[in-house]
Every structure is written in C-alpha cells, then in structure tokens.
Amino acid sequence: RPRVLSGIQPTAGSFHLGNYLGAVRQWVALQETHDAFYMVVDLHAITVPQDPKELTANTRLAAAQLLAAGLDPERCTLFVQSHVPEHAQLAWVMNCLTGFGEASRMTQFKDKSARQGADSASVGLFTYPILQVADILLYQAHEVPVGEDQRQHVELTRDLATRFNGRFGETFTIPKPYILKETAKIYDLQDPSIKMSKSASTPKGLINLLDEPKVTAKKVKSAVTDTDTVIRYDAENKPGVSNLLTIHSTLTGTSIPELEQQYEGKLYGALKTDLAEIVVDFVTPFRERTQQYLDDPETLDSILAKGAEKARAVAAETLCQTYERVGFLPAK
Ligand code: AQP
C-alpha cells in the first residue's frame with residue numbers, strides 16, 4: 001500500500017469547513033486505500049503564542065474531531081506530533097540543508113508574519129515549512145493530502161528530499177501533493193476572494209464545525225453572492241455562488257452541473273436555505289460524536305498512545321538511517 005501523511009493544527013479549537021473539505025475528508029477516504037499516518041501537529045501550533053492549558057485541551061479536541069470525522073484507529077495511525085521526538089530531530093537536519101533565501105520565499109510565512117507584524121513573528125514560524133518537510137519525509141510518504149495553501153511546502157519537501165538523496169545517497173521517498181481540484185480551496189463566506197481561514201476570516205465568513213448549528217445556518221444564509229441572479233458555477237466572475245455550489249456538491253455528492261440544473265430559475269435564497277440545512281445536518285452529528293470522544297479522555301489518550309508507538313517505529317528507522325548518512329557517530 002502506498003503511504004500518506006498529513007497533519008492538522010490544534011490551535012483554533014474547532015476545525016472549520018475549509019479544513020474538513022480541503023483535507024480531513026480526503027484523509028478519511030485514503031485510510032481505505034493507503035497506509036495512512038495522520039497527526040495533530042502541536043509542534044507547529046507553538047510557532048505562534050499558545051496558552052499551555054488551552055493547547056492541551058485543543059490537542060485532545062483536535063483528535064476527537066478527527067475520530068468524529070471518520071478516522072478509524074484500526075485503519076490508520078493517529079498520533080500527536082510531540083509524542084514522536086524524531087520530528088524535531090529530523091527537522092534540525094533539514095534546517096541545515098535549507099537555504100535562507102529558499103525559506104524566505106515561503107508565502108505562508110510572508111502572509112502570517114505580515115499579519116502578526118514582522119518583528120513579533122518567531123523563528124519557529126519561519127522554519128515551520130522545514131518541520132513540515134521532516135514530518136513528511138520521516139514516514140517516507142508517497143502522497144500528502146492537503147489544501148492548495150500547502151502545495152508550496154510539499155514542493156519544498158520534494159526539493160529537500162532530492163537534495164539530501166543526491167548529497168548523501170538514496171534515503172527519502174519523494175512525495176507528491178494530493179490535492180482534489182474541487183475542494184482545494186474553500187473560500188470565506190463573506191469575502192470569497194480569500195480562503196476560509198481561522199486567522200484571516202471574520203467570524204461571519206468562517207464555518208466552525210463545532211459552532212451552534214443555528215449560528216452556522218445563519219452564516220450560510222447570509223453568505224455574500226453577487227448582483228446577478230443566476231445560480232451557475234463560475235469561479236472567476238461568481239466566486240461566492242461557486243463556493244456555495246462546491247460546498248453543496250461535496251457534502252451531498254451531487255455534481256455541479258446537476259445542481260445548476262436543479263436550481264435553474266431559482267433565487268440565491270433557495271440555494272442558501274438548502275445549503276444551510278445540509279451543513280446543519282452534517283455538523284449536528286459531528287458535534288455529538290466529538291463530544292462523545294471528549295467525554296472519555298482515557299480512551300482518547302490510549303488511542304493516541306498506540307498511534308504514537310506505531311508512528312515511532314517508522315520514524316525512528318528513518319531518523320537512524322538519516323543520522324548514519326549524515327555521518328553522526330552512532331551512540332553505543
Ligand atoms: N480554506 C481552505 N480550503 C481548503 N483547505 C484548507 N485547509 C485550511 N484552510 C483551507 C487545509 O486544512 C489542513 C489543515 O490546516 P491547518 O490547521 O494545519 O492549517 P492552516 O492552514 O493553518 O489552517 P487555516 O485556518 O488556514 O489557518 P491560518 O489562518 O492560521 O492559516 C491543511 O491541509 C490545509 O491545507
């Protein structure tokens with residue numbers, strides 16, 4: 001079986017619809033066909049300031065949401081990044097292989113540090129993509145299921161893996177991004193020119209999966225569309241309506257052309273009312289399942305402990321090989 005690896009940050013509490021449709025939904029499908037490793041990336045989370053108690057709680061909450069979304073610990077390896085120390089260890093080696101200019105070209109850092117103010121951004125935020133490189137290479141992943149915003153980091157991973165293999169001998173599998181065109185980028189409901197995001201979206205433009213369903217329904221119903229009245233997919237000229245059609249299509253499994261036919265002659269209000277109901281029908285059981293996992297933290301922690309053990313077995317082997325190739329004196 002080919003291998004996949006991906007991660008999600010435990011930072012915001014609730015996942016948003018972009019995280020789910022862009023990434024987590026694919027993770028669930030891929031556990032059936034791939035040897036899948038998925039993690040809650042708490043090391044990445046501390047690249048921006050975190051309250052320690054909240055970080056602990058949000059890490060469990062993220063794991064609970066992944067299980068609620070359909071990850072099955074019998075079918076995939078689910079773990080917390082900091083439970084596998086090899087991530088930080090390989091990241092150091094990769095840091096030393098990355099050019100400063102190369103790291104400076106990462107657009108996510110530019111965006112996030114601009115939002116924070118360049119002087120208050122941490123060095124960790126700067127090297128975040130290199131930690132991600134280590135995350136992927138440790139598992140010799142063939143594919144990395146992510147949203148479009150992460151494509152550049154997977155490209156960096158390919159470059160560094162190729163560089164390492166060229167300099168020290170074949171060590172790493174060269175991974176490919178796994179990005180579904182339709183859901184690669186879910187847009188903000190109030191400003192469909194930007195991606196839905198926990199830090200850039202306004203609360204009204206962001207669908208948090210754990211929000212009260214009533215709040216969610218209201219956000220969907222007040223989504224920005226356009227002054228035209230036709231319900232048609234046209235990402236360039238009708239980004240708001242197209243975004244709603246994408247969400248509808250993905251959650252119901254109805255193709256976009258079918259939806260266009262279904263809504264011919266109807267007003268935007270009809271689409272929004274239906275979509276509000278569809279999203280509520282999705283989030284209601286999701287919230288309940290998440291709560292069930294949270295109500296039993298012992299079971300949750302033991303799932304994560306087993307996952308970490310499985311992950312470490314793979315990660316330790318790759319790290320050991322990497323250290324040897326680099327020329328580190330083996331510890332007796
Ligand atoms: N709007 C989106 N559309 C499609 N995919 C998305 N992802 C995030 N936003 C969208 C994908 O979700 C996965 C996990 O995200 P993360 O929490 O690790 O990353 P993130 O990019 O920090 O999440 P946000 O909300 O976008 O945070 P900020 O605002 O801090 O940048 C990733 O695979 C990501 O592609």
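Throughout, read-outs are computed from the coordinates displayed, never taken from laboratory work. A quick note: this is a predicted structure, and the numbers were derived from the prediction, not measured. A quick note on method: Cβ atoms are made from the backbone with ideal geometry, for glycine too, and the neighbour counts reach across all protein chains shown.
Details
- A simple spin-label model places pseudo-atoms 7 Å from Cα toward Cβ; at Lys266 and Lys332 they are separated by 7.6 nm.
- Within region 134-244: Cβ-based charge dipole about Cα centre, in debye rounded to nearest 20 (Lys, Arg +1; Asp, Glu -1): 180 debye
- Of all beta bridges that DSSP places with both ends in the chain, some 15 percent have antiparallel geometry.
- Sites Ile194 and Glu324, calculated FRET efficiency, Cβ-Cβ separation with R0 41 Å, nearest 0.05: 0.35
- Student exercise, the chain dipole from Lys, Arg, Asp, Glu Cβ charges, in Debye to nearest 20: 500 debye
- When the chain is treated as a GNM with alpha-carbon contacts under 10 Å, the residue of Lys218, Lys198, Lys185 showing the greatest mean-square fluctuation is Lys218.
- Estimated distance in nm for a label pair at Ser122 and Asp296, the labels positioned 7 Å out from Cα along Cα-to-Cβ: 3.4 nm
- Seen against the Cα atoms of the chain and their longest principal axis, helix 107-116 is set at about 70 degrees.
- Full extension of the segment from Glu182 to Ser255, taken as 0.36 nm per residue of separation minus the current Cα-Cα distance, would add 25.2 nm.
- Rounded FRET efficiency, nearest 0.05, which uses the C-beta distance separating Glu32 from Arg163 and R0 of 51 Å: 0.90
- Peptide packing for 307-318, 167-178 was compared via the average number of neighbouring C-beta atoms within 10 Å per residue; ordered from the highest value, the list is 307-318, 167-178.
- Listed values for region 193-206 are Karplus-derived 3J(HN,Hα) couplings in whole Hz (6.51 cos²θ - 1.76 cosθ + 1.60, θ = phi - 60°), namely 8, 10, 6, 5, 8, 5, 9, 9, 7, 7, x, 6, x, 10, and x replaces Gly and Pro.
- Qualifying GluC sites (Glu not before Pro) for region 1-99 [loop in DSSP, other Cβ within 10 Å: at most 11]: Glu32, Glu74
- Cα centroid of region 155-215 to Cα centroid of region 22-48, whole Å: 11 Å
- Computed over region 152-219, relative contact order equals 18 percent, with contacts defined as Cα pairs under 8 Å that lie 6+ residues apart.
- Rg to Rh, two decimals, where region 110-214 supplies the alpha carbon set and Rh follows Kirkwood: 1.06
- Cross-link partners of Lys181 among lysines, defined as those whose alpha carbon lies under 28 angstrom from its own and excluding same-chain residues fewer than eight positions apart: Lys110, Lys112, Lys195, Lys198, Lys204, Lys218, Lys219, Lys221, Lys238, Lys266, Lys272.
- The chain: C-alpha gyration tensor shape, a/c 1.5 cut-off, then a/b vs b/c: prolate
- Tensor-based shape of region 63-117 (alpha-carbon gyration tensor, a/c under 1.5 rounded, otherwise prolate or oblate): oblate
- Long-range HN-HN contacts of Val80 with modeled amide H, under 5 Å: Val40, Ala308
- Region 249-273 and region 290-305 have Cα centres separated by 38 Å.
- Tyr233-Arg1 FRET efficiency (beta carbon distance; Förster radius 35 Å; 0.05 resolution): 0.50
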